[in-house]
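Working notes for the structure below.
The values are calculated or read from the model by the stated rules, or taken from the named source; none is laboratory data. Not measured: the values here are computed from a predicted model. A quick note on method: Cβ atoms are made from the backbone with ideal geometry, for glycine too, and the neighbour counts reach across all protein chains shown. Each accessible area value is taken on the protein alone, full model and side chains, heavy atoms only, with ligands, DNA and RNA left out. Shrake-Rupley method; radii C 1.70, N 1.55, O 1.52, S 1.80 Å.
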Amino acid sequence: MASITRFHVGPRLSETAVHNGTIYLAGQVPDDTTQDIRGQTSQVLAMVDRLLAEAGSDKSRILMTQIFLADITDITAMNEVWDAWIPAGNTPPRATVQAKMANAAYKIEIVVTAAQA
């Protein structure tokens, strides 16, 4: 039986779980909710970078991404930040939807699944 490694374990969720070489990140939300969609997206992608590195991977190894936007009209601005961040030739399958956020100040939440390097 393959083991499961969890990072940043809390009473309700872990930020990361790794099983059989696959990394599962919890939904990542911004710390500074006063920023616009570009700023919040940049913050969340930086968190993804940090968590993937901690688990032995990077954004070039993302298998799937789910993006939740509080307002779908923010997709163009969000995509500008995403397109500058994701490595060319390594764009993963992705779903982007509008969703009601747990905190009304969140403009974005991103869930990532990746392969370990």
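Assess whether Pro30 counts as being in a loop (DSSP other than H, G, I, E, B) and either closer than 21 Å to Val9 by Cα or touching a helix residue (DSSP H, G or I) at 6+ places or on another chain (Cβ under 7 Å) (or both). When the stated conditions are applied, Pro30 passes them. Evaluating Ala114 against the criteria (1) surrounded by 15 or more Cβ atoms within 10 Å (Cβ to Cβ); (2) out of contact with any Lys or Arg (no Cβ under 6 Å at 6 or more places or on another chain); (3) not in a helix (DSSP H, G or I) leaves one unmet condition, (2). Answer yes if at least one residue in region 17-32 is among the acidic types (Asp, Glu) and within 15 Å of the chain's Cα centre (by Cα), and no otherwise. Yes, that holds for at least one residue. In the set Thr41, Thr33, only one residue is under 22 Å from Ala88 (Cα atoms) and touching a residue at least 60 places away in the same chain (Cβ under 8 Å); that residue is Thr41.
With Asp36, Asp49, Asp58 as the choices, which residue is more than 13 Å from the chain's Cα centre (by Cα) and at pLDDT 95 or above?
Working: Asp49 fails: more than 13 Å from the chain's Cα centre (by Cα); Asp58 fails: more than 13 Å from the chain's Cα centre (by Cα).
Of Asp36, Asp49, Asp58, the one residue that is more than 13 Å from the chain's Cα centre (by Cα) and at pLDDT 95 or above is Asp36.
Scanning region 29-78 for residues that are of a type in the set (Asp, Glu) and exposed (fewer than 15 other Cβ atoms within 10 Å of the Cβ) returns Asp31, Asp32, Asp36, Asp49, Glu54, Asp71. Is it the case, given these coordinates, that Glu109 is open to solvent by 40 Å² or more (accessible area, probe 1.4 Å), under 14 Å from Gln40 (Cα atoms) and part of a strand (DSSP E or B)? So Glu109 fits the description; yes. Every listed requirement among (1) under 14 Å from Ile37 (Cα atoms); (2) not in a loop (DSSP other than H, G, I, E, B) is met by Ala104 save one, (2). Taking each residue of region 66-95 that is over 30 Å from Ala117 (Cβ atoms) and looking for partners that are among the aromatic types (Phe, Trp, Tyr) and open to solvent by 40 Å² or more (accessible area, probe 1.4 Å) with beta-carbon atoms closer than 9 Å, six or more apart or interchain, yields Ala70/Tyr106.
Residue pairs whose Cβ atoms lie under 9 Å apart, sitting 6 or more positions apart in sequence or on different chains, and linking a residue in region 12-26 that is closer than 13 Å to Met64 by Cα and buried (at least 18 other Cβ atoms within 10 Å of the Cβ) to a partner that is among the basic types (Lys, Arg) and at pLDDT 95 or above, are Ile23/Arg61.
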